[in-house]
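Engineer: I am attaching a structure below and will ask some questions about it afterwards.
No lab work stands behind these numbers, since they all come straight from the coordinates. Just so it is clear, the model here is predicted, and its values are computed rather than measured. Counting neighbours? That spans all protein chains shown, and the Cβs are built from the backbone with ideal geometry, glycine included.
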Amino acid sequence: METYFHIDGKEPFVLFSFTHWMTLVVILSTIVLIYLFRNFLRNTGINRLIRISIALILIVSEISLHTWLWHFDQWDIRYSLPFHLSSISLLLSSVLLLTKSYRLFEFTYFAGVGSALQAMLTPDISSYTFPHFRYVHFFISHGGIVVANLFFVIVERYLPSFQSLWRAYIYLNLYTFFIFFLNLLLEGNYMYISQKPFNPSLIDYLGPWPWYIIPLEVITLLTFFILYLPFWLHRRFK
């Protein structure tokens, strides 16, 4: 009988195991609670407290990751700088929570939520499962990006426009262009544009490097359209 709940966190991660599903349910439940208490969360004092709290959780999670990597001698400039899309989205989402900048929201909603959802569905954490630190950190950081941005949709009533979608796509490609040359300089693989990730992912079905980058661009744009669809429907039938 296969065991999915490994109490010592030393067993490898199992995709769509009971532990994985329950983690996703916890994150989804948090979003549902935000929706149910959306009016209460609009109170000025409570609103500020929640935004600052989520921002601190995200920032502390990023600091704790680098501390863990350094402590276990796994920090490497080629892979550990906060230049992966999830890391930069986490930092920008923290700033968004503190500043309430709509321009930041335009990017973090599409690029941040899109990448975080894909990461949580196919996590690149093959060596760790609950309750290992790396597993907990992974889902707090990625789930936190989704929670932070949907907080602004549900509570702050931020609505991305069709122009927001294209701005986010252009900004993301400019950032990818920068990361491409950074990878060449450091011999790294930030954003997985120099080689495929170790764990199974959507990229495995898109062909060899560098050709998988072209369909990845198409999938990214399609993901942005899917994320925009609820707002288009809202405006269409309002």
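Engineer: If you average 1/r over all unlike Cα pairs in region 18-237 and invert the result, what Kirkwood radius do you get in angstrom?
Structural biologist: Every distinct Cα pair counted, the radius reaches 18.2 Å.
Engineer: Same structure again: What value, in deg cm²/dmol to 500, does the helix sum -39500 (n - 2.57) over DSSP H runs of n ≥ 4 give at 222 nm once divided by the residues of the chain?
Structural biologist: Per the formula, -21500 deg cm²/dmol.
Engineer: Using a 7 Å offset from the Cα along the Cα-to-Cβ direction at both LEU222 and PHE133, what is the distance between the two label points in nm, to one decimal?
Structural biologist: Output for this residue pair reads 3.9 nm.
Engineer: Return, for the Cα atoms of region 46-154, the radius of gyration and Dmax in Å, separated by a comma.
Structural biologist: 13.7, 41
Engineer: Looking at the chain, which longest stretch skips every one of the GluC sites (Glu not before Pro) that is in a DSSP loop with at most 12 other Cβ atoms within 10 Å, leaving the sites themselves out? List each step's numbers first, then the result.
Structural biologist: Details: sites that count: GLU2, GLU187.
Result for the longest clean stretch: 3-186.
Engineer: Okay, next question. Stretched out fully, how many nm does the piece from VAL32 to ARG48 gain, at 0.36 nm a residue minus the Cα gap?
Structural biologist: The VAL32-ARG48 span can extend by a further 3.8 nm.
Engineer: Now, a different point. Please state the charge dipole magnitude for region 18-237, taken about the Cα centre, from unit charges on C-beta atoms (+1 on K and R, -1 on D and E), reported in debye and rounded to the nearest 20.
Structural biologist: 940
Engineer: Modelled label-to-label distance, SER101 and LEU159, 7 Å Cα→beta-carbon offset: nm?
Structural biologist: Each label point is offset 7 Å from its Cα along the Cβ direction, giving 2.4 nm.
Engineer: Going by the alpha-carbon gyration tensor, a ≥ b ≥ c the square roots of its eigenvalues, is region 99-222 rounded (a/c under 1.5) or, if a/c is not under 1.5, prolate (a/b greater than b/c) versus oblate?
Structural biologist: Note, shape of region 99-222 comes out oblate.
Engineer: Please name which of ASN183, THR220, PHE107 has its Cα lying farthest along the dipole of region 18-237 towards the positive end, using unit charges on Cβ (Lys, Arg +1; Asp, Glu -1) and the Cα centre as origin.
Structural biologist: PHE107
Engineer: Between region 192-233 and region 86-151, what's the alpha-carbon centroid distance in Å?
Structural biologist: Between the Cα centre of region 192-233 and that of region 86-151, the gap is 17 Å.
Engineer: For the charge dipole of the chain, defined by +1 on Lys and Arg C-beta atoms and -1 on Asp and Glu C-beta atoms about the Cα centroid, which residue among HIS20, ASN39, ILE77 has the Cα displaced farthest towards the positive pole?
Structural biologist: So the residue we want is ASN39.
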